[in-house]
Amino acid sequence: MNCLKATLDKGGFFLMTMGKIKVMKKTIAQTIKAKEWPEKVVLAVSGGLDSMTLLDSLNRYRPDIDLVVAHVNYQLRGAASDDDEIFVRNQCQARQIPCYVKRVIAPGKSGVEAWARKVRYDFFDQVAKETGARAVVLAQHQDDQVETLLLQLIRGGLAQQKTGMMGQSDYYLRPFLDFSKEELKNYAKDDQVEWREDATNADPSYTGRNQLRHEIIPALATINAKAKEHLADFAKQEAVDQELLQDQAKTFLPVFQADFHQVPKPWWEKTILLWLQNQGIYQVKNGQMVAILSLLANDQKPNGQVDLGDGWMMIKAYSQVQLIKEEKTVKNDRKPEELVLKLDQWQFFDRGQLLWTQKRPQKADQALVLPEHLVGVLTLSLAKKDDRVPLKIGTKSVRRLLIDKKIPVTLREKTWLLKDQSQAVLAVWLGQQTWYLPAGRDRPNVAKQWLVWRIEEN
């Protein structure tokens, strides 16, 4: 009987007509059947309605796919979280599907949502790698798309970081993006799919996403009944546009890393975001990006840095940029400011070793020829403001030498001077396995003494 039941089920959704349910189920079946799937995939299953419906439809309509389930127990809801885990394990066992579970504890009360997202995606990637799966399948749907878009807009920040989800991005697949929560629920009810309800999802005050779901989005529907569908369409279009922009930015990336001036300025922001993402930094605040762009555009300031938080610094050094992580120094664990080199005794130095020797170095060694009449000891000391290096006529301050050689500010404080017993500068260590020989230094007629260095590979 094709009649509408004018009642609400316990989840708050109008039950669809039996005819519409049949059409909707056929559409889901066609979506699952028609998609080109890898032979083996990881399916993220929380135990909730969305992921259990996806598990049921994949298992039903594509039995040829080798399924592996991944579940994360965040232990945020006590016994309820453990019951979710047990439920997922039992459902997988009944279907003879391998189930991988990760149990974690939140590090604190703030930022739990972002932390949980990183934990689960890292785990999904790990399971895919361990099992040889070629894709990770997620049950995100149309309502998730709309909620995510609105959250991004409300929280502010860079426009390029406000992008919708795509049905496929990298090796993540989202076959349910065109289906609403209501449609999935009616599918599950009609096929008697079991699922677990998270009681916190019904509380509008629990998260901003919950408030959007229960209060804001329904209010938008009073303005336009298709508001949710229109927002979802916009998110999909934005995702496609951002992907096209990112593809173009990828072509600029090698040029940007070699000399950012060679990249057209309108592409700096997108290229910078991609460059940072490739190094594990996915969120950049609007103020940070403004500071980065301002620094790169300022030709009067060849060196500078921008704090990206969590110890990360973006460094500008003339025409290049680099990302460094500031390491916390342990008190009373400071490196010596002077090293003494004795003849034929190796000395640890800057991720490697140094040797002053009168024996000809091996071909594989890197070496400097030293003046032939050196005696006593040599010293390596960190350069000071009043240190000077000899020129053919006169001297030059070490500071001016470093500027002339375009040594980044971050490396200047790590500049070492090699001196003889009279404290005359023999060579300057510029870092990055580079020595500078002062123009005024005595040149030996015959090579009799050498400074050999070996850099340890990481």
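Some observations on this one:
- Considering the range 221-236, and only residues there that are aliphatic (A, V, I, L, M) and surrounded by 17 or more Cβ atoms within 10 Å (Cβ to Cβ), the residue that is nearest to Gly164 (Cα to Cα) turns out to be Ala235.
- Pairs, first in the same structural domain as Leu418 (by TED's automatic domain parsing) and without any contact (Cβ under 8 Å) to a residue 24 or more places away in the chain in the range 353-372, second surrounded by 13 or more Cβ atoms within 10 Å (Cβ to Cβ) and among the basic types (Lys, Arg), C-beta under 9 Å, six or more apart: Ala364/Arg454
- Counting only residues that are in a loop (DSSP other than H, G, I, E, B) and under 13 Å from Pro98 (Cα atoms), the range 42-64 holds 1 of them.
- Cβ-Cβ under 6 Å pairs, at least 6 apart or on other chains, the range 42-69 side under 16 Å from Arg89 (Cα atoms), far side among the small types (Gly, Ala, Ser) and in a strand (DSSP E or B): Val42/Ala70; Ala44/Ala70
- Within the range 145-168, the set of residues being of a type in the set (S, T, N, Q), modelled with pLDDT under 90 and more than 19 Å from Trp275 (Cβ to Cβ) comprises Gln152, Gln168.
- Flag if Glu413 is under 30 Å from Met314 (Cβ atoms), of a type in the set (Asp, Glu) and at pLDDT below 80: yes
- Counted as qualifying within the range 110-215 are the helices (runs of 4 or more DSSP H) with 3 or more residues that are within 24 Å of Ala29 (Cβ to Cβ), namely 142-155, 181-190.
- Number of the exception - Tyr172 against (1) of a type in the set (Ser, Thr, Tyr); (2) closer than 16 Å to Leu55 by Cα; (3) surrounded by fewer than 18 Cβ atoms within 10 Å (Cβ to Cβ): (3)
- When the residues of the range 85-108 are filtered to those that are in a loop (DSSP other than H, G, I, E, B) and exposed (fewer than 14 other Cβ atoms within 10 Å of the Cβ), the one that is modelled with the lowest pLDDT is Gly108.
- Of the strands (runs of 3 or more DSSP E) lying entirely inside the range 348-389, not one contains at least 2 residues that are more than 27 Å from Glu413 (Cα to Cα).
- Only one of the listed residues (Val409, Val369, Val377) is β-branched (Val, Ile, Thr) and within 16 Å of Leu430 (Cβ to Cβ). That residue is Val409.
- Among residues of the range 381-405 that are surrounded by fewer than 11 Cβ atoms within 10 Å (Cβ to Cβ), none has a beta-carbon under 6 Å from a residue that is in a strand (DSSP E or B) at least six positions away or on a different chain.
- Residue list for the range 359-368, filter: within 11 Å of Val452 (Cβ to Cβ) and either of a type outside the set (Gly, Ala, Ser) or at pLDDT 80 or above (or both): Lys359, Arg360, Pro361, Gln362, Asp365, Gln366, Ala367, Leu368
- In the set Arg77, Arg62, Arg89, Arg134, only one residue is touching a Cys at 6+ places or on another chain (Cβ under 6 Å) and of a type in the set (Lys, Arg); that residue is Arg89.
- The lone exception for Tyr436 - which of (1) among the hydroxyl-bearing types (Ser, Thr, Tyr); (2) at pLDDT 80 or above; (3) touching a Lys or Arg at 6+ places or on another chain (Cβ under 9 Å) it fails: (2)
- The single condition from (1) among the hydrophobic types (A, V, I, L, M, F, W, C); (2) in contact with a strand residue (DSSP E or B) (Cβ under 8 Å, 6 or more places away or on another chain); (3) modelled with pLDDT of 95 or more that Leu49 fails is (2).
- Against the list (1) under 24 Å from the mean Cα position of the chain (by Cα); (2) touching a residue at least 24 places away in the same chain (Cβ under 8 Å); (3) surrounded by 14 or more Cβ atoms within 10 Å (Cβ to Cβ), the condition Lys250 fails is (3).
The values are calculated or read from the model by the stated rules, or taken from the named source; none is laboratory data. Remember, predicted model here, so these are calculated numbers, not experimental data. Backbone-built Cβ (ideal geometry, glycine too); neighbour counts: all protein chains shown.
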